[in-house]
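Here the structure comes first, spelled out in structure tokens, and everything after it is commentary.
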Amino acid sequence: MEQAKEKLRAFLARHIAGRTIADEDQIFASGFVNSMFAMQLVLFLEKNFKIAIGNEDLELKNFQSINAMAELIERKTSPSQNGSNS
Amino acid sequence: MELTFEQQRLRAAFREFADAHIVPHANTWDREERMPAEMVRQLASKGYLGAVLPADCGGAGFNMVGFGLLNEELGRGCSSIRSLLTVHSMAALTIWRWGAEAQKAQWLEKLGQGQAIAAFALTEPEAGSDAREIRTEAVVSGDDFLLSGHKKWITFAQIADLFLVFARSQRGPCAFLLERNTPGLVISPVHGMLGTRASMMAELHLEQCRVPKRNLVGAPGFGLSHIASSALDCGRYSVAWGCVGIAQACLETCLRYTGQRKQFGTLLRDHQLVQRMIAHMVVGVKAARLLCYNAGQLKDAGDPTSMIEISIAKYFACKTAAEIARDAVQIHGANGCSSEYPVERFYRDAKIMEIIEGSNEIQEITIAQSACQEVADSAAIAR
């Protein structure tokens, strides 16, 4: 999970320039992301962690912080997860 | 840019289709401000309306580069028919990407095979570039939502069977599937537009349209950030390639014209000031196509940078098409100002491209912000 968080920190640093984001910080509440960011984040998660994000994942609690996204990645990549959105 | 064998085969097929079925009629469709149903059927019969959907969903299964090539060739023939491909693909891709299984089962095959036409309904009289200002409201009523509001400038709304419509709710922006026959939905055709005049534009008036909750796409609150954003990404990509098509059409038309018409006893193509305009066209078309191709490859790879690269490609291709179309009219002189030649249509259509799916100015803001972030990131790393 720490490896995932490291990748997430690096990605966020590119999109929320000049600010340090702590793992529990509320990213979307920060006001520092633009209109394209939400979908860029989805694409980043899908490509880098080989997961599919579908409508069932569209809950703010899944994306609101580095910790939340790390948990989402863990859930989606656990052996019991069949994936979605073929 | 080297296309694969399969991409070359696709492009040749698209080009042949456009030359046979679109190019000879585009001026008439433009003048009559309508797209014949038979043309839509032909597009469907070729599988082009399912271009972005996988084959197992009833689509043609093209990748994004293949979809781009289709947009270029249709756009070379007629921006109105290309705009049908754009809005229909935006809605179809959204259902595939974010729809519930029941929505996919109900619509994907129909949309993929062109048995139903879909349109994208976001813009309102008071909400253009700033989509957050939409005023169409969705209010919960038992197991349904009641939608009320006014959508404007909706491409192909005159014939669409299904609308991907956006509204604000108590839980934030939402996206819904709204069927044409829904009571309370009134569709009013819009005529007299500057360009893409055959795109059968209309306004939607929604008066307490009752929509079941199962027609919600995605989740409440994600309507703009994820649903509209991913659809518009597809739309920008489609428009960008369509602009390459407009620019290519201008170039080809000018090469023919300047090889036939003489002034001062010399073919126009031998006048150096005309040559400058032709050179500008050649380079502009190639550069725009390369940017689109790059964006398509990134999109096929699922790369998050594809979104900004699409924005860059759209910005450049639209500006280039507008400049090239202006020069194409100039080269044709008075002939270029008449409907006897297609360049005046290209000129009007190209202007529209600088406004739709994110105006030039919105792209400039987006691209500049992205560049500034990259610089700031590099500086942070250096520290």
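The values are calculated or read from the model by the stated rules, or taken from the named source; none is laboratory data. It should be emphasised that the depicted structure is a prediction, and the values quoted were computed from it without experimental measurement. Virtual Cβ from ideal backbone geometry, glycine too; neighbours counted across all protein chains shown.
Taking region A:1-66 as the region of interest, the helices (runs of 4 or more DSSP H) fully inside it that hold 3 or more residues being touching a residue at least 40 places away in the same chain (Cβ under 8 Å) are A:2-15. Checking the conditions here, which among B:S79, B:S83, B:S45 is hydroxyl-bearing (S, T, Y), out of contact with any strand residue (DSSP E or B) (no Cβ under 9 Å at 6 or more places or on another chain) and farther than 23 Å from B:A295 by Cα? Sole residue among the options that is hydroxyl-bearing (S, T, Y), out of contact with any strand residue (DSSP E or B) (no Cβ under 9 Å at 6 or more places or on another chain) and farther than 23 Å from B:A295 by Cα: B:S45. When region A:12-43 is limited to residues that are farther than 25 Å from B:A131 by Cβ and buried (at least 17 other Cβ atoms within 10 Å of the Cβ), the one that is nearest to the other protein chains (Cβ to nearest Cβ) turns out to be A:A13. Taking region A:55-79 on its own, how many of its residues are at the interface with another protein chain (Cβ under 10 Å from one of its Cβ atoms), surrounded by 18 or more Cβ atoms within 10 Å (Cβ to Cβ) and of a type outside the set (F, W, Y)? Adding up the residues that qualify gives 3. Screening the candidates B:G58, B:G75 for the property of being of a type outside the set (S, T, Y) and farther than 20 Å from B:M201 by Cβ yields one hit, B:G58. Only one of the listed residues (B:I352, B:I312) is within 14 Å of another protein chain (Cβ to nearest Cβ), surrounded by fewer than 24 Cβ atoms within 10 Å (Cβ to Cβ), part of a helix (DSSP H, G or I) and not polar (S, T, N, Q). That residue is B:I312. The requirement of being hydrophobic (A, V, I, L, M, F, W, C), closer than 18 Å to B:A167 by Cβ and surrounded by 20 or more Cβ atoms within 10 Å (Cβ to Cβ) is not satisfied by B:I187. Note on region B:148-161: residues that are under 26 Å from the mean Cα position of the chain (by Cα) and either surrounded by fewer than 22 Cβ atoms within 10 Å (Cβ to Cβ) or within 15 Å of B:G223 (Cα to Cα) (or both) total 6.
Could you tell me whether B:G296 is of a type in the set (G, A, S), farther than 22 Å from B:K351 by Cα and surrounded by fewer than 20 Cβ atoms within 10 Å (Cβ to Cβ)? Judged against the criteria, B:G296 is not a match. Here the condition is being in the same structural domain as B:F346 (by TED's automatic domain parsing), at positive phi and at pLDDT 95 or above; of B:G302, B:G296, B:G284, it holds for B:G302 alone. Every condition in (1) part of a helix (DSSP H, G or I); (2) more than 11 Å from every other protein chain (Cβ to nearest Cβ); (3) touching a residue at least 12 places away in the same chain (Cβ under 8 Å) holds for B:I367 except the one numbered (2). Restricting attention to region B:200-215, the residues that are within 14 Å of another protein chain (Cβ to nearest Cβ) and out of contact with any helix residue (DSSP H, G or I) (no Cβ under 9 Å at 6 or more places or on another chain) add up to 1.
Within 14 Å of chain A (Cβ to nearest Cβ), surrounded by fewer than 23 Cβ atoms within 10 Å (Cβ to Cβ), modelled with pLDDT under 95 and not in a helix (DSSP H, G or I) - does that describe any residue in region B:374-383? Yes. Residues that are more than 21 Å from B:S359 (Cβ to Cβ) and in contact (Cβ under 8 Å) with a residue 40 or more places away in the chain: does region B:231-249 have at least one? Checked region B:231-249: at least one residue is more than 21 Å from B:S359 (Cβ to Cβ) and in contact (Cβ under 8 Å) with a residue 40 or more places away in the chain.
Which condition breaks for A:E46 when tested against (1) under 24 Å from B:G223 (Cβ atoms); (2) surrounded by fewer than 20 Cβ atoms within 10 Å (Cβ to Cβ); (3) modelled with pLDDT under 95? Failed condition: (3).
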